[in-house]
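Chemist: Below you will find the structure I want to go over with you.
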Amino acid sequence: SADATPSPVSSGINAEYGYSPVIIADNINKMSKAVLQAVFTHWSYMFTKAREDTQRMIKCMRKDLTVIVHRKWDEISQAEDSEIQSDDLVGLLLRANKSKDGKSMEDLPTIISRTVDDIMTVCLVMDNMVKQLSMLFVFLAEEPVVQGKMVAELRETEIQTVDDLQRLVYTEKCLLEAMRMAPALLRGTRRFKKTATFTKIGKYDCPLDELTIHFSEYVMHMDPTIWPEPKKFNPDRWSDEFKPPPFAYIPFWTGQRGCLGKHLAMILMKITLSVLCKNFDMEFDEKATFDQQFAVKRQKNGVNIIMKPISQHFFD
């Protein structure tokens, strides 16, 4: 709850910058151990058939998308009006990539390549959305009271427009909490923007020529000074009064490199949960066993859920 959240002063957080040097040092230590564990435990993945299959799939996907985007470009070019007017996803992305800094671009390969990159990003949003929903189901399997409250809200709320999704208050809290405990991206890097030769971090003078900062969303999301009982799935912590310090909660990252698809992901997750809960009763495997490797908690044999249609005519 918000009342149990330590104040910035009591938690040692710097009031001006929103961080605690002590917590940062501890998080760096935790992250270093986690990264080393991942390297030495999972390094063999680089030489597996699974990695080869994944790389092959990405190449095939880019090849197929390039053909689709080229066809859309030809379709638009043959129209009487040379301006891109298509209102589907591919057409809108082509229109966005046709200009740079307000000036029209004539380099067709670059326009096509950029558009394919954007579509791949949208696909990544879909993939991460599935991961987050899977993790939410894992947490709900252990919290039947939370599950019942969320399902009740979803079934009682009629969704006709995007604005109606704002009424799914408790559902959003559940999603926020699931993304806190199991973010899709567990760690990231940022290269320091060079504004001087050296910068001082604590008592150390650090050269900025090749300074790369490594950080872990998972470690930051488990800071007990900000998140009381951090390993407990507690959607109620997301009260109206509670607001985490800057950069303490970044499931979609933030700043200039923040995820452009975060709003799309939240909309799709809410719609997916609404459709599922309105049409199915979900029964979780009571004998499910859980395992935690690196940072993500998973059911050992996958997320096993029995979906029972509420209506006999659902599949008609």
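The values are calculated or read from the model by the stated rules, or taken from the named source; none is laboratory data. Note that the structure is predicted; figures quoted are calculated from it, not measured. Note that each Cβ is placed from the backbone with ideal geometry, even for glycine, and that neighbours are counted across all protein chains shown. For accessibility, only protein heavy atoms count, side chains too; no ligands or nucleic acids. Shrake-Rupley method; radii C 1.70, N 1.55, O 1.52, S 1.80 Å.
Chemist: Test of understanding: what is the full-extension gain from Leu108 to Asp64, defined as 0.36 nm times their sequence separation minus their Cα-Cα distance? Please list the in-between numbers first.
Modeler: Details: separation 44, 0.36 × 44 = 15.84 nm, distance 1.71 nm.
Result: 14.1 nm gained on full extension.
Chemist: Mind ordering 252-259, 218-225 by average Cβ neighbours within 10 Å, highest first? Mind showing how you got there, number by number?
Modeler: Working: 252-259: 12.9, 218-225: 19.4.
Top to bottom by mean Cβ count within 10 Å: 218-225, 252-259.
Chemist: In addition: Starting from 0.36 nm per residue, how many nanometres of slack lie between Asp127 and Gln78 once their C-alpha separation is accounted for? Please list the in-between numbers first.
Modeler: On the way: separation 49, 0.36 × 49 = 17.64 nm, distance 3.45 nm.
Length gained between Asp127 and Gln78: 14.2 nm.
Chemist: Still on this structure, I have one more. Distance in nm between label sites at Thr212 and Met282, each 7 Å beyond Cα in the beta-carbon direction?
Modeler: 3.8 nm
Chemist: Here is a follow-up. Solvent-accessible area per residue for segment 106-226 at a 1.4 Å probe radius, Å²?
Modeler: On the way: 6530 Å² over 121 residues.
Accessible area per residue: 54 Å².
Chemist: Set the bar at 21 Å for Cα to Cα. Now go through Lys131/Lys231; Lys131/Lys262; Lys63/Lys262 and name every pair that lies beyond it. Before the final figure, lay out each step's value.
Modeler: Working: Lys131/Lys231 19 Å; Lys131/Lys262 14 Å; Lys63/Lys262 26 Å.
Those over the limit are Lys63/Lys262.
Chemist: Moving on to the next point. Taking θ = phi - 60°, what integer Hz values does the Karplus form 6.51 cos²θ - 1.76 cosθ + 1.60 yield along segment 238-250, in sequence order, with x for Gly and Pro?
Modeler: With coefficients 6.51, -1.76 and 1.60, one gets 8, 7, 5, 7, 8, 9, x, x, x, 6, 7, 10, 9 Hz.
Chemist: If R₀ is 35 angstrom, what is the calculated FRET efficiency for the pair Ser311 and Arg257, using the beta carbon separation as r and rounding to 0.05?
Modeler: Numbers: r = 45 Å, r/R0 = 1.27.
The calculated FRET efficiency here is 0.20.
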